[in-house]
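Structure record follows, encoded as structure tokens.
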Amino acid sequence: MIKNFFKLISSEFQLMLRGSIFSFVLYCLLIISCAIFSLSLKHESMGINAPLSFLYIMIFFISLFKVEKIYSLEFDEAKLHQYILSPFSLEIIVFVKNMMIYLNLIIFFFIFSPLILIILNIDLIYLLKINILLALSLLSIVFIASMTASITISKNNRLSLTSILTLPLFVPILIFSMAITDLIDFNTGKMYLFFLAYFLLNLAFSPLLTSFALKKLSV
Amino acid sequence: MIEVNNLSFARGNTLIYKNINFKVQPGELLLVKGANGAGKTTLLSNIVNFIDPLKGSITYNGSEIDNHTASQSFLYISETNFAHDSMTLNQNIEYWLSIHNVKFDKHIKEKSVNYFFQQLNLDKKFYQLSFGQKKKLQLLLLMLVNKPVWILDDPLSGLDDRTIINVNTLFEKKLENKGIIILTSHQNITLNNYKTLKLE
């Protein structure tokens, strides 16, 4: 079973690599939006908060799009039947897929982040800290987005509207991210722990709720 | 043995079927027939515990079918295809074998692939295959995943004559080994002994 689990991870990794073109397109859109944002405010003196908030909102949308796309492709009814009848629980499959989506998004962010910071006129000394901040918060964003996606892709259109209820779960991430950037040089380890704690909370509930929604709404 | 008692199912306010009863013993095949929309696929989904019935019970070897029983004992092949379009045929086979936790035996895999696909290049992307070839990938699981009960939704549609004979041979072998097969089909199957359930 363990051998097949690792085989599953490797297959999911291959699938993730094949889905990279979509991530690339999304990050290109992010760069274009950042450029428009920067150009439109070129005569204003901005601190780090405004561009970072903009970056966060864009990353939030990118994650939502990416998770929605992967879920609608990889959790259609026929595949879902096989996942449900698999000896691996659906929660484990959801967890592995979420982690692969996370890896895909964060690797692209690491690659594009220097360019994004230059466009947004943010000093590159913050590069590492912004990457760490985003790597930590993106984990929770992907897991919450998976709950949203599992409801949105349901066959019942009326119920898919209830996915809006999951959106407030993103708010603490945005609040804490902005709170960290308010502190001088982002230097506070305890604040980073929030993201870890919030991720662990999501890890406990998100795969369970996602797989429950997939089973009940999409089969 | 699979036993279905007084099974009814409704979708919204529409009753799909009412008070269905049947038993399928090991070594038996049940062919579910009926017009489009009669509830054949829904009945299979009820048996595999994908959806809950309105009333009635479904048992396998005396106990109610739950998710654990279904994943341990049932192999379900749906009408629509489950493979990943971006993967090759070979990668798809390996992916779905790992999902079903099948011990990978290269010899058995080659033999099974040859049984269905003959000389087909396994490095072809899945989206490049024809409907029938795609269907064969689903049926390949019948040979590679060892579960006592097969629940098959229209497994013969889109297949050529030679493959239909091959699938019927697989059915015969399964029944000889005391397996249970429940399938829906608009086509007749070539086996001599099987039960039929007609949904109105």
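The values are calculated or read from the model by the stated rules, or taken from the named source; none is laboratory data. Quantities reported herein were computed from a predicted structural model and do not represent experimental measurements. Note that we place each Cβ from the backbone using ideal geometry, even for glycine, and neighbour counts take in every protein chain shown. Please note that ligands, DNA and RNA were not included when accessible areas were found on the heavy atoms of the full protein model with its side chains. Shrake-Rupley method; radii C 1.70, N 1.55, O 1.52, S 1.80 Å.
The table below gives the values:
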{"read-out": "Carbon + sulfur, % of accessible area of the protein assembly as shown - ligands and nucleic acids excluded, 1.4 Å", "value": "61 percent"}
{"read-out": "Whole-number D in µm²/s for segment A:54-173 (Stokes-Einstein; Kirkwood sum over Cα pairs; 25 °C, 0.890 mPa s)", "value": "157 µm²/s"}
{"read-out": "Segment A:68-135 - convex hull of alpha carbons, volume per residue in Å³", "value": "90 Å³"}
{"read-out": "Cα-Cα P(r), segment B:33-191, percent of pairs per 10 Å interval", "value": "9, 38, 37, 14, 2"}
{"read-out": "Two-site label geometry, A:Leu167 and A:Ala35: point separation in nm, points 7 Å out along Cα→Cβ", "value": "3.0 nm"}
{"read-out": "Selection from A:Asn98, B:Leu122, B:Gly62 lying farthest towards where the dipole of the protein assembly as shown points positive, charges on Cβ", "value": "B:Gly62"}
{"read-out": "Estimated distance in nm for a label pair at A:Phe110 and B:Arg11, the labels positioned 7 Å out from Cα along Cα-to-Cβ", "value": "4.7 nm"}
{"read-out": "Taking the convex hull of Cα positions in segment A:1-90, its mean projected area over all directions (nm²)", "value": "7.8 nm²"}
{"read-out": "Of the chymotrypsin sites (Phe, Trp or Tyr not before Pro) in segment B:97-161, those whose Cβ has at most 16 other Cβ within 10 Å and which sit in DSSP loop", "value": "B:Phe104"}
{"read-out": "Cleavage-rule hits (trypsin sites (Lys or Arg not before Pro)) in segment B:113-193: DSSP loop, at most 15 neighbouring Cβ within 10 angstrom", "value": "B:Lys124, B:Lys178"}
{"read-out": "DSSP bridge pairs, the protein assembly as shown: antiparallel proportion in percent, nearest 5", "value": "45 percent"}
{"read-out": "Span-like helix ranges in chain A, DSSP H, alpha carbon extent 18 angstrom or more, Kyte mean at least 1.6", "value": "A:20-40, A:90-119, A:127-152"}
{"read-out": "Accessible area buried at the A-B interface, both sides summed, 1.4 Å probe (Å², nearest 100)", "value": "2400 Å²"}
{"read-out": "Coil-residue GluC sites (Glu not before Pro) of segment A:12-82, DSSP, other Cβ within 10 Å capped at 13", "value": "A:Glu44"}
{"read-out": "Furthest towards positive pole of dipole, B:Thr169, B:Leu89, A:His43, structure part the protein assembly as shown, Cβ charges", "value": "B:Thr169"}
{"read-out": "Long-range Cα-Cα pairs in segment B:27-74 (distance over 15 Å), rounded percent", "value": "50 percent"}
{"read-out": "The protein assembly as shown pair-distance distribution - Cα-Cα, 10 Å bins, rounded %", "value": "4, 19, 26, 21, 14, 9, 5, 1, 0"}
{"read-out": "Rounded to 10°, Cα long-axis angle of helix B:161-176 versus longest principal axis of chain B", "value": "60 degrees"}
{"read-out": "Semi-axis lengths (Å, descending) of the ellipsoid that matches the C-alpha gyration tensor of segment B:1-91", "value": "25, 18, 13"}
{"read-out": "Set of segment A:20-62 residues, backbone N closer than 12 Å to the point 7 Å along the Cα-Cβ line of A:Asp123", "value": "A:48"}
{"read-out": "B:Asp66/B:Lys18 FRET efficiency (R0 30 Å; Cβ-Cβ; nearest 0.05)", "value": "0.80"}
{"read-out": "The protein assembly as shown, helix-only ellipticity at 222 nm - DSSP H runs n ≥ 4, -39,500 (n - 2.57), divided by all residues, nearest 500", "value": "-19000 deg cm²/dmol"}
{"read-out": "Inter-site label distance for B:Phe131 and A:Leu174 at 7 Å from Cα along Cβ, in nm", "value": "4.7 nm"}
{"read-out": "Per-selection Rg to Rh, chain A - Cα, Kirkwood hydrodynamic radius", "value": "0.99"}
